[in-house]
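The values are calculated or read from the model by the stated rules, or taken from the named source; none is laboratory data. These numbers were taken from a predicted model, which means no experiment stands behind them. When we count neighbours, we look across all protein chains shown, and the Cβ atoms used for this are built from the backbone with ideal geometry, even at glycine.
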Amino acid sequence: MNFDFSDEQKQMRDEARKFLAEKCPPKAVREVLDGKAPYDKALWQGLAEMGFLGVAIPEAFGGAGAGHLELCVIAEEMGRANAPVPFSSTVYLAAEALLLAGTDAQKQKWLPKIASGEAIGTLALFEGKGNPSPKAIKLQASGGTLTGVKKPVPDGAIADFAVVAARTGSTGRDADISLFLVDLKAGGVEAKSLTNVDPTRGQAELTFKNAKAEPLGAAGDGWSILTQVLDRAAVLLAFEQVGGSDRALEMGRDYALDRIAFGRPIGSFQAVKHILADMYVSATLARSNCYYGAWALSTNASELPEAAAAARISATQAFQHCSKNNIQVHGGMGFTWEFDCHMYYRRANTTALTLGSLSYWEDQLIDRMRKKNAA
């Protein structure tokens, strides 16, 4: 496969980088990290005005109608800037679920609000520890209402609506799972913020008490839709992780060139060179897999499930490796609050679990490759 982004898409990446460099400096990230606000509202509105929130939403529903490749380049820059906004929960999860399974009325209600920055969305899938699985879903749907608890829900405390996975049968099969749309401001839902390693990516516990819900997609198709949403989100989040990996590598490189020890830059020492070289290899391998995922996502190729898993695995490994070794290159200073290294390390560990653990996606890749070879 020979794939690269077009000149127009690269130009969009450059514009996003300039915008985020101006509107999302480390100081802005720290304000959210310090608890001064749940997210950067000014940045969120600025992203909407730039058209970034609706870049992959069709024009008929208030978006730019560009496509997933454009969204991939925006995602990379969001990760590079460590942006403290509910971008992934709203754009990768909620919007993609609506695009895949929503009725025209549902799309018309929520997608324009996402594109304009008026609404924040999320996906309520998990119910405690563990990886995505239909058997792990216990929350019950009955008579148009939901009852149960979901946690952790990304950005659940600030979301306006949620796509909720619920059980509608008792056989334990995938067909027992359906999806529902819930207006979180309409009552019947209690939200409690949870403490996590990265406060700039908030998580919450949502308790549903006979909350009104409308079906999203056909009854019993919930797990099939979720699988598609997770694959799409895996590619998009992988681009965020690659953006963060590259930034962590740059931070380490710049410090190695500026820090003088024994009369010369520490970057001239072999041990430091090897650390930086390993970071570069890890980030480059992840980018290669992400490009494969971007191609598969944009063309709706049959290889998307495998490509998404490969992108997710390599990008998760790269971001954790680069953010950790960026601290190592900085030495004792890298562990301090004053340096920015910890912000990327926090984000790397949070995103590593957002869609399921690394081992979950490794198992998914193996299973999908076996099924494809068997066919």
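Look at the range 49-89 and say how many of its residues are within 12 Å of the chain's Cα centre (by Cα) and either surrounded by fewer than 21 Cβ atoms within 10 Å (Cβ to Cβ) or modelled with pLDDT under 95 (or both).
Within the range 49-89, residues that are within 12 Å of the chain's Cα centre (by Cα) and either surrounded by fewer than 21 Cβ atoms within 10 Å (Cβ to Cβ) or modelled with pLDDT under 95 (or both) number 0.
Every residue in the range 122-158 that is in contact with a helix residue (DSSP H, G or I) (Cβ under 6 Å, 6 or more places away or on another chain), under 19 Å from residue 184 (Cα atoms) and not in a strand (DSSP E or B), please.
Once the filter is applied, which keeps residues that are in contact with a helix residue (DSSP H, G or I) (Cβ under 6 Å, 6 or more places away or on another chain), under 19 Å from residue 184 (Cα atoms) and not in a strand (DSSP E or B), the range 122-158 yields only 155.
Against the definition (assigned to a loop (DSSP other than H, G, I, E, B) and farther than 18 Å from residue 88 by Cα), how does residue 166 come out, yes or no?
Values: assigned to a loop (DSSP other than H, G, I, E, B): no; farther than 18 Å from residue 88 by Cα: yes.
When the stated conditions are applied, residue 166 does not pass them.
Just checking, which of 301, 277 is outside the structural domain of residue 37 (by TED's automatic domain parsing) and either part of a strand (DSSP E or B) or over 19 Å from residue 321 (Cβ atoms) (or both)?
Numbers: 277 fails: either part of a strand (DSSP E or B) or over 19 Å from residue 321 (Cβ atoms) (or both).
The match here is 301.
Please verify whether the range 65-76 includes one or more residues that are touching a Cys at 6+ places or on another chain (Cβ under 9 Å), part of a helix (DSSP H, G or I) and either in contact (Cβ under 8 Å) with a residue 24 or more places away in the chain or farther than 24 Å from residue 316 by Cα (or both). Please lay out each step first, then the result.
From the range 65-76, those touching a Cys at 6+ places or on another chain (Cβ under 9 Å) are 72, 76; that's our starting set.
After this cut, where a residue has to be part of a helix (DSSP H, G or I) as well, the list is 72, 76.
Now drop any that are not either in contact (Cβ under 8 Å) with a residue 24 or more places away in the chain or farther than 24 Å from residue 316 by Cα (or both), which leaves 72, 76.
Yes, the range 65-76 contains at least one residue that is touching a Cys at 6+ places or on another chain (Cβ under 9 Å), part of a helix (DSSP H, G or I) and either in contact (Cβ under 8 Å) with a residue 24 or more places away in the chain or farther than 24 Å from residue 316 by Cα (or both).
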